[in-house]
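Have a look at the structure below before the remarks.
The values are calculated or read from the model by the stated rules, or taken from the named source; none is laboratory data. Being a predicted model, the structure only gives us computed values, none of them experimental. Here the Cβ is made from the backbone with ideal geometry for all residues, glycine too, and neighbour counts use every protein chain on show.
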Amino acid sequence: MTKYPRDEFDRVPENSARHGVHRASLEVATRSLVPVMIFGVAALCVGLLAFLIVPKISGQDTAVNPPISHASSTAATAPGTAPGTKASASATPSAAPRTTAVKTPSSTPTPGSVVDKTTPVAIFNATGISGLAAQYSATATSDGWTVSQTGNWNGAPQSVSSIIYSGPAQKANAEALGKLLNIATLLDSAEMGIPLTIVLGPGA
């Protein structure tokens with residue numbers, strides 16, 4: 001007990017909710033905070049649910065409905081087929097590969113590249129050795145050539161044996177006769193008036 005005498009402020013019923021004239025009741029203050037606390041807890045729960053559930057829902061939507069690219073739709077349908085129809089795995093290309101024709105060399109022989117042993121051949125002896133033209137004529141005839149005439153050479157003296165052919169068409173014939181008779185000198189001239197002329201010179 002206090003030593004001071006009781007005054008009017010001490011005359012308060014013991015069961016009263018008041019604890020003094022200048023202070024409010026603690027029970028009234030506590031009762032007024034309850035709705036605020038409930039609202040705060042509810043808001044916290046709503047925010048937590050929104051943080052956990054909304055991202056999952058949006059992620060599922062993205063996985064279920066992936067964007068369809070132009071390349072995949074093009075690969076899925078073949079050209080000329082209706083949408084939704086699957087293209088066959090063994091579909092043929094839309095355009096055949098372009099081929100170019102390669103020209104092969106002609107097998108037709110050109111004039112002067114074919115030996116024609118039916119071409120008339122004239123053989124003249126310019127050495128003065130008797131019977132030499134006849135010997136060469138026999139050799140050519142035995143190989144299939146056609147000797148049209150033989151005789152002595154009446155032209156200018158010759159330093160070597162030669163074969164005179166008339167134009168490029170007779171070049172192959174002249175080369176063949178040169179190999180057969182071992183004559184290396186070939187002359188292209190039309191002055192003789194004969195396709196092939198053999199003039200036997202020194203050393204023949």
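Some observations on this one:
- Restricting the range 146-166 to residues that are within 13 Å of PRO195 (Cα to Cα) and without any contact (Cβ under 8 Å) to a residue 40 or more places away in the chain leaves a set whose member that is surrounded by the most Cβ atoms within 10 Å (Cβ to Cβ) is TYR165.
- Test for ALA204: is it of a type in the set (A, V, I, L, M), in contact with a helix residue (DSSP H, G or I) (Cβ under 9 Å, 6 or more places away or on another chain), modelled with pLDDT under 95 and outside any helix (DSSP H, G or I): yes
- Single match in THR139, THR150, THR127 (criterion: hydroxyl-bearing (Ser, Thr, Tyr), outside any strand (DSSP E or B) and touching a helix residue (DSSP H, G or I) at 6+ places or on another chain (Cβ under 8 Å)): THR139
- Of the numbered criteria (1) within 14 Å of PRO202 (Cα to Cα); (2) in contact (Cβ under 8 Å) with a residue 60 or more places away in the chain; (3) in contact with a Gly (Cβ under 6 Å, 6 or more places away or on another chain), the one THR127 fails is (3).
- Residues that are in a strand (DSSP E or B) and farther than 23 Å from THR118 by Cβ, drawn from the range 153-200: THR185
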